[in-house]
Amino acid sequence: MDNRIRETEDLTSQTLDPNFWNDPRRAESIQRKIGINNRWLDDYNLIAREVDDLEGLFEFQKEGLTSEEEVDIQYNKTAGILADAEFRSTLNQKEDSMNAVLTINAGAGGTEACDWSAMLLRMYRMWAEKSGFKVIDIFEQDGDAAGIKSASIEIRGDYAYGWLKGENGVHRLVRISPFNAQGKRQTSFSSVFVFPLIEDDEIEIVVNPDDIRWDVFRASGAGGQHVNRTESAVRVTHIPTGIVAECQQDRSQHRNREIAMTLLKSRLYELEMRKRQAEKDKIESGKSKIEWGSQIRSYVLDDRWVKDLRSGYKVHNPDAVLDGDLDGFLKAYLMWERNPTGVAVEED
């Protein structure tokens with residue numbers, strides 16, 4: 001919290017600069033960071049107050065000035081607030097606070113799978129809207145007879161990716177088929193893939209002066225007598241990566257340094273983009289075939305239950321889940337990811 005306070009004070013002081021809004025994207029990014037920090041600080045102060053109230057009530061109860069029931073009520077309230085904060089502390093990666101892109105693809109099951117994909121899309125839309133996120137359509141491909149073959153949506157809001165990152169995988173539906181005249185039980189599969197949406201203004205290339213080496217030399221080739229006679233050409237080497245940028249474009253060494261630095265930052269930006277793409281490709285290559293044995297969650301409508309196969313979290317109200325009541329599953333996964341040996345939870 002001390003770090004957040006210091007960061008918030010520093011960022012707030014930047015907003016007082018008369019030129020703050022000259023760069024709107026940077027200004028909006030700073031204000032967003034301030035808002036996130038303030039929410040954490042408000043939550044921390046709320047927990048501190050609730051714990052103080054609980055301790056006070058406990059002391060009063062020992063002296064016979066209040067009832068045990070009042071202490072229990074305050075205890076349960078405080079424990080709930082603390083559990084919620086503990087959950088949100090799992091969202092501690094840089095990309096967790098970013099917007100998310102969610103893609104659904106129909107798998108094995110034909111028309112059934114396409115219909116199931118449309119049900120999943122509706123489920124995530126409803127969850128996002130109930131949670132205060134903004135949903136933006138990217139694309140949607142209809143199924144041949146019903147539903148959708150694939151679709152992508154952007155979910156915008158603080159920590160959208162952090163909330164949804166555990167939804168990657170295959171989702172299995174078991175139900176009495178509405179498309180089968182005999183009313184047979186049908187199993188369908190759809191895959192969900194979520195990744196953070198990285199905006200250009202969220203990538204800042206900062207070059208440590210200690211990580212670079214400058215060399216100056218006489219320009220060679222065309223350029224005129226003055227350029228060839230003086231040491232105006234420059235070469236900058238980024239030592240950690242070995243990237244080199246050279247410039248002999250201008251007669252001024254100072255100007256050539258500026259251009260070379262711009263070239264170096266552009267190369268480092270490109271390198272960072274390639275790293276991000278490689279990480280995305282790694283996730284893509286790890287995606288399982290959309291069929292039996294690779295699912296992360298089962299939705300069994302006729303038996304009235306939904307279960308996450310990783311955390312073990314299970315509920316017996318699939319209608320509510322399909323109407324966007326996903327918070328229990330999202331929280332259970334994130335807590336399980338932190339402690340995979342944790343105990344599974346089942347709710348009515």
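The values are calculated or read from the model by the stated rules, or taken from the named source; none is laboratory data. The model shown is predicted, which means the values in this text are computed figures rather than measured ones. Here the Cβ positions follow ideal geometry from the backbone for every residue, glycine too, while neighbour counts run over all protein chains shown.
Is there a residue being touching a residue at least 40 places away in the same chain (Cβ under 8 Å) and under 30 Å from Phe179 (Cα atoms) anywhere in segment 86-97? No, the conditions are met nowhere in segment 86-97.
Restrict the check to segment 112-126 and report whether at least one residue is among the basic types (Lys, Arg), at pLDDT 95 or above and surrounded by fewer than 16 Cβ atoms within 10 Å (Cβ to Cβ).
Residues of segment 112-126 among the basic types (Lys, Arg): 122, 125.
Next cut, at pLDDT 95 or above only: 122, 125.
If we keep only those that are surrounded by fewer than 16 Cβ atoms within 10 Å (Cβ to Cβ) as well, we get 122.
There is at least one residue in segment 112-126 that is among the basic types (Lys, Arg), at pLDDT 95 or above and surrounded by fewer than 16 Cβ atoms within 10 Å (Cβ to Cβ).
Scanning segment 19-69 for residues that are of a type in the set (Ser, Thr, Tyr) and part of a helix (DSSP H, G or I), we see that the one that is surrounded by the fewest Cβ atoms within 10 Å (Cβ to Cβ) is Tyr44. Checked against (1) within 22 Å of Lys33 (Cβ to Cβ); (2) modelled with pLDDT of 85 or more; (3) of a type in the set (Gly, Ala, Ser), Ser97 passes all but condition (2).
Residues that are farther than 18 Å from Trp163 by Cβ and modelled with pLDDT under 85 within segment 315-344 comprise Asn339, Pro340, Thr341, Gly342, Val343, Ala344, listed in sequence order.
Any residue at all in segment 279-301 that's hydrophobic (A, V, I, L, M, F, W, C), assigned to a helix (DSSP H, G or I) and either under 17 Å from Val192 (Cα atoms) or at pLDDT 95 or above (or both)? Steps first, please.
Just the residues of segment 279-301 that are hydrophobic (A, V, I, L, M, F, W, C), to begin with: 283, 290, 292, 296, 300-301.
Adding the requirement that they be assigned to a helix (DSSP H, G or I) leaves 283.
Filter again for either under 17 Å from Val192 (Cα atoms) or at pLDDT 95 or above (or both), leaving 283.
Yes, that holds for at least one residue.
For residues that are in a strand (DSSP E or B) and hydrophobic (A, V, I, L, M, F, W, C), scanning just segment 96-111, find the one that is nearest to the chain's Cα centre (by Cα). Ranking the qualifying residues of segment 96-111, first place goes to Ala100.
Can you pull out the residues in segment 151-191 that are over 23 Å from Glu95 (Cα atoms), among the polar types (S, T, N, Q) and touching a Lys or Arg at 6+ places or on another chain (Cβ under 9 Å)? Show your work before the answer.
Step one: list which residues in segment 151-191 are over 23 Å from Glu95 (Cα atoms), which gives 171-190.
Filter again for among the polar types (S, T, N, Q), leaving 177, 180, 182, 186-188, 190.
Hits for segment 151-191 are Ser177, Gln186, Thr187, Ser188, Ser190.
For segment 138-174, taking the residues that are crowded, with 18+ Cβ neighbours inside 10 Å and of a type in the set (Gly, Ala, Ser), the one that is nearest to Leu301 (Cα to Cα) is identified as Gly147.
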